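> First the structure, then my questions, so here it is.
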Amino acid sequence: MARVKLCGITTASDRDAAVAAGADALGFISEVSVDTHRELLPEDAAALVASTPPFVTTTLVTMPDSPAAGADLVARVRPDVVQVHGLSPADIETLAAAVDARVVAAVGADEPDVVAYADGADALLVDTPATDGGGGTGETHDWARTRSVVEDLDTPVVLAGGLTPANVGEAVASVDPYAVDVASGVEGPDGRKDDAAMRAFVAGARGAV
Ligand SMILES: O=C(O)c1ccccc1NCC(=O)[C@H](O)[C@H](O)COP(=O)(O)O
């Protein structure tokens with residue numbers, strides 16, 4: 001059964017609703033070089049991480065300039081997992097050696113050498129990135145290609161990009177990922193997390209609908 005990460009949580013009430021919806025993991029976005037309504041100050045991310053209940057995995061999502069900058073932010077936020085966008089495979093290995101957290105490498109579905117990221121990371125998140133390297137685009141990609149990555153690697157693969165309550169069941173069946181991840185697909189038109197959509201997404205990922 002695919003695990004579920006709900007990403008871009010910005011408030012305690014959205015965090016509590018995501019936990020009640022059954023999320024396995026939550027994403028808190030901080031220190032990214034793109035403009036996103038999901039970004040938190042490090043101290044706010046740290047407060048949300050610290051008050052998340054046990055048995056829910058906290059994930060810091062960030063775009064560090066360097067492994068050292070990423071490690072510094074992890075030390076401040078203290079998540080279970082850090083998801084990094086924009087670092088090279090070598091820099092991901094350096095970061096992983098420097099932090100007391102699991103490391104998820106975010107890679108574009110069109111990345112020609114996805115496998116190069118697998119050695120240094122605890123998991124790969126295969127996403128549909130924007131041209132500026134950020135995530136949260138709400139765009140799907142070629143799931144057949146990501147299925148091949150799942151089949152070729154022992155490293156856990158997280159499927160992201162344009163997932164919604166309506167398509168997540170088909171996505172899980174098509175790709176057989178370790179986990180699925182969503183940001184925009186569980187938000188309303190105002191960009192706030194939608195409680196019913198989060199519940200429907202988790203149910204859809206687990207084949208309950
Ligand atoms: O969501 C953002 O705004 C974001 C900005 C910069 C770096 C990463 C970002 N999101 C990371 C995620 O893990 C998203 O959940 C993932 O890209 C999927 O987003 P969506 O297509 O909106 O479901």
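The values are calculated or read from the model by the stated rules, or taken from the named source; none is laboratory data. On a predicted model such as this, the values are computed, not experimentally measured, just so you know. Here the Cβ is made from the backbone with ideal geometry for all residues, glycine too, and neighbour counts use every protein chain on show. Areas reflect the complete protein model, heavy atoms only, side chains present, ligands, DNA and RNA absent. Shrake-Rupley method; radii C 1.70, N 1.55, O 1.52, S 1.80 Å.
> Got a sec? Which of Ala105, Ala121 is at pLDDT 95 or above, touching a Phe, Trp or Tyr at 6+ places or on another chain (Cβ under 8 Å) and not in a helix (DSSP H, G or I)?
Working: Ala121 fails: touching a Phe, Trp or Tyr at 6+ places or on another chain (Cβ under 8 Å).
The conditions single out Ala105.
> Still on this structure, please answer the following. Report the residue count in the stretch 126-155 for those that are under 15 Å from Val115 (Cβ atoms) and not hydrophobic (A, V, I, L, M, F, W, C).
Within the stretch 126-155, the first condition is being under 15 Å from Val115 (Cβ atoms), and the residues that meet it are 126, 145-155.
From what's left, not hydrophobic (A, V, I, L, M, F, W, C): 145-148, 151-152, 154-155.
Of the residues in that region, 8 qualify.
> Please verify whether the stretch 41-63 includes one or more residues that are among the charged types (D, E, K, R), outside any helix (DSSP H, G or I) and farther than 13 Å from Ala121 by Cβ. Write out each step before concluding.
Step one: of the stretch 41-63, the residues among the charged types (D, E, K, R) are 43-44.
Add one more test, that the residue is outside any helix (DSSP H, G or I), and what stays is none.
The answer is no; no qualifying residue exists.
To keep it simple, each residue is scored yes or no on (1) under 25 Å from Pro165 (Cα atoms); (2) surrounded by fewer than 16 Cβ atoms within 10 Å (Cβ to Cβ).
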{"site": "Ser51", "(1), (2)": "no, yes"}
{"site": "Ala68", "(1), (2)": "no, yes"}
{"site": "His85", "(1), (2)": "yes, no"}
{"site": "Arg102", "(1), (2)": "no, no"}
{"site": "Ala116", "(1), (2)": "no, yes"}
{"site": "Gly120", "(1), (2)": "no, no"}
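> Run Val182 past the list (1) over 21 Å from Arg102 (Cβ atoms); (2) touching a Phe, Trp or Tyr at 6+ places or on another chain (Cβ under 8 Å); (3) not charged (D, E, K, R) and report the number of the one that doesn't hold.
Val182 satisfies every listed condition except (1).
> Tell me, which residue of the stretch 15-46 that is under 13 Å from the mean Cα position of the chain (by Cα) and of a type outside the set (S, T, N, Q) is farthest from the ligand (Cβ to nearest atom)?
First pass over the stretch 15-46, keeping only residues under 13 Å from the mean Cα position of the chain (by Cα): 23-30, 38.
Then keep just the ones that are of a type outside the set (S, T, N, Q); that gives 23-29, 38.
Working: Ala23: 12, Asp24: 14, Ala25: 10, Leu26: 11, Gly27: 5, Phe28: 10, Ile29: 5, Arg38: 4 Å.
Here the answer is Asp24.
> If you don't mind, there's one more thing I want to ask. Given Ala197, Ala183, which one is open to solvent by less than 30 Å² (accessible area, probe 1.4 Å), farther than 28 Å from Pro64 by Cα and within 12 Å of the ligand (Cβ to nearest atom)?
Details: Ala183 fails: farther than 28 Å from Pro64 by Cα.
The conditions single out Ala197.
> Looking at the stretch 171-180, which of the residues that are within 15 Å of the ligand (Cβ to nearest atom) and part of a helix (DSSP H, G or I) is surrounded by the most Cβ atoms within 10 Å (Cβ to Cβ)? Spell out the reasoning first.
First pass over the stretch 171-180, keeping only residues within 15 Å of the ligand (Cβ to nearest atom): 171-172, 175, 177-180.
This time we only want the ones that are part of a helix (DSSP H, G or I), so: 171-172, 175.
Details: Ala171: 24, Val172: 21, Val175: 22.
Here the residue is Ala171.
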